[in-house]
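Everything on this sheet refers to the single structure shown next.
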Amino acid sequence: MRDAARLEALLAQAFDAPSDGPLGKTYALLAIQGGRLTYERYGFGATPETTQPSWSMAKSMTQALVGMLVLDGRLDPQAPADVPEWKGASDPRAAITLDHLLRMSSGLAFVEDYVPGSVSDVLEMLYGSGKADAAAYAASRPLAHPPGSFWSYASGTSNIVARLAAQAQGGDFAAYMRSRLFEPLGMASATPKFDAAGTFIGSSYCFCTPRDFARFGLLYLRDGIWDGERLLPEGWVDYARTPTFQQAGVTDGPYGAHWWLGIGGPGSFSANGYAGQFIIVCPDRDLIVVRNGDTPLEAKDRLRDWVGEVVDCFG
């Protein structure tokens with residue numbers, strides 16, 4: 001650890017502050033460095049056994065499952081996505097590839113807004129008319145931009161990807177997730193959620209303990225290899241962290257393929273979730289940092305800065 005005193009001061013802001021403090025509630029903060037658990041702390045009633053919501057960290061898990069199907073020869077990211085809603089001969093959405101979807105550049109119209117009472121495709125998909133079949137809801141959206149020409153973060157795309165993965169696998173996808181991802185990594189707590197149509201809600205729902213979230217991050221820190229076995233295709237981790245084109249004016253931060261870039265400093269990449277869930281992978285530090293909590297939207301920028309400062313405490 002580079003700066004233990006600074007780290008303790010930062011953690012006091014999270015764990016010793018009231019629940020309505022500037023960072024909200026921090027339930028867990030842990031670090032794995034050099035392959036060892038080097039720091040772990042829990043607050044606000046959480047314990048190491050408490051499962052936490054992934055929210056959009058599930059998107060990065062979905063990317064891993066796609067990679068496993070690429071390794072199996074069942075998916076090609078550069079091929080047009082096999083989406084029934086786009087099969088019409090003149091449908092311009094037929095040009096959308098799996099790569100476009102993973103890079104949030106499909107061009108589909110989708111409003112990602114979490115403010116109740118506002119127009120929000122993500123809330124309608126998860127809790128309204130789309131909740132029984134999230135992928136169908138997302139796939140029904142019209143094209144707003146030519147594929148590959150416009151970046152727009154959209155949870156609907158991840159549910160289309162999750163359905164594509166299940167179609168390609170062709171069997172019990174829950175069992176596939178367990179046998180190919182969760183069991184090899186020892187993620188015994190992992191609990192994915194499925195909609196009524198049987199599709200993994202890959203945008204939002206896989207509950208895990210913080211230690212199991214860290215195990216998932218470690219798979220990416222180790223280039224997709226676990227206990228000497230390659231679980232992800234060679235180059236898949238580099239693909240995840242290769243920057244995606246973003247038009248001028250994007251303020252959310254650089255993005256790869258269902259992974260965010262740079263929150264832990266240059267070369268880092270991360271799985272980020274609503275209300276301040278993070279799995280941060282820092283190859284140059286051989287480091288994984290996991291944070292679970294409940295931070296209000298208006299404090300998200302302060303939390304991002306805080307997380308970056310925490311990472312910087314580790315040499």
## Note on the structure
The residue from Phe269, Phe278 that alone is farther than 18 Å from Asp113 by Cα, hydrophobic (A, V, I, L, M, F, W, C) and without any contact (Cβ under 8 Å) to a residue 60 or more places away in the chain is Phe269
## Note on the structure
The condition of being surrounded by fewer than 20 Cβ atoms within 10 Å (Cβ to Cβ), on the phi > 0 side of the Ramachandran plot and of a type in the set (D, E, K, R) holds, among Asp172, Asp223, only for Asp223
### Query
Taking into account only those residues within segment 100-125 that are assigned to a helix (DSSP H, G or I) and either touching a Phe, Trp or Tyr at 6+ places or on another chain (Cβ under 9 Å) or of a type in the set (Val, Ile, Thr) (or both), which is most open to solvent (accessible area, probe 1.4 Å)?
Glu124
### Message
Just the residues that are more than 13 Å from Ala165 (Cα to Cα) and not small (Gly, Ala, Ser), please, taken from segment 64-88.
### Response
Gln78, Pro80, Pro84, Glu85, Trp86, Lys87
### Task
For segment 268-286, name all the residues that are of a type outside the set (Lys, Arg), over 15 Å from the mean Cα position of the chain (by Cα) and surrounded by fewer than 23 Cβ atoms within 10 Å (Cβ to Cβ).
Pro283, Asp284, Asp286
### Task
Return yes when Leu69 is over 28 Å from Arg178 (Cβ atoms) and open to solvent by less than 60 Å² (accessible area, probe 1.4 Å) and no when it is not.
no
### Query
Quick one: is Thr26 part of a helix (DSSP H, G or I), among the β-branched types (Val, Ile, Thr) and surrounded by 18 or more Cβ atoms within 10 Å (Cβ to Cβ)?
no
### Message
Just to be sure I understand the filter: pairs with C-beta atoms under 6 Å, separated by 6 or more residues or on different chains, first member in segment 134-152 and under 17 Å from Gly202 (Cα atoms) and open to solvent by 30 Å² or more (accessible area, probe 1.4 Å), second member assigned to a loop (DSSP other than H, G, I, E, B) and modelled with pLDDT of 95 or more. Which pairs pass?
### Response
Tyr137/Gly130
#### Entry: Matching residues, segment 29-43, being outside any strand (DSSP E or B) and either polar (S, T, N, Q) or surrounded by 15 or more Cβ atoms within 10 Å (Cβ to Cβ) (or both)
Gly43
### Query
Restricting attention to segment 254-265, which residues are in contact (Cβ under 8 Å) with a residue 12 or more places away in the chain and either more than 22 Å from Leu101 (Cβ to Cβ) or in a loop (DSSP other than H, G, I, E, B) (or both)?
Gly256, Ala257, His258, Trp259, Ile263, Gly264, Gly265
### Query
Restricting attention to segment 282-289, does a residue exist that is touching a helix residue (DSSP H, G or I) at 6+ places or on another chain (Cβ under 8 Å) and assigned to a helix (DSSP H, G or I)?
yes
### Message
Take the residues in segment 1-60 that are more than 21 Å from the chain's Cα centre (by Cα) and of a type in the set (Phe, Trp, Tyr); name whichever of them is farthest from Val289 (Cα to Cα).
### Response
Phe44
### Task
Would you please name the residue that is nearest to Thr62 (Cα to Cα), looking only at residues in segment 228-248 that are part of a loop (DSSP other than H, G, I, E, B) and open to solvent by 70 Å² or more (accessible area, probe 1.4 Å)?
Arg241
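The values are calculated or read from the model by the stated rules, or taken from the named source; none is laboratory data. Model, not experiment: these values are computed from the prediction. When we count neighbours, we look across all protein chains shown, and the Cβ atoms used for this are built from the backbone with ideal geometry, even at glycine. SASA here: full protein model, heavy atoms, side chains in, ligands and nucleic acids out. Shrake-Rupley method; radii C 1.70, N 1.55, O 1.52, S 1.80 Å.
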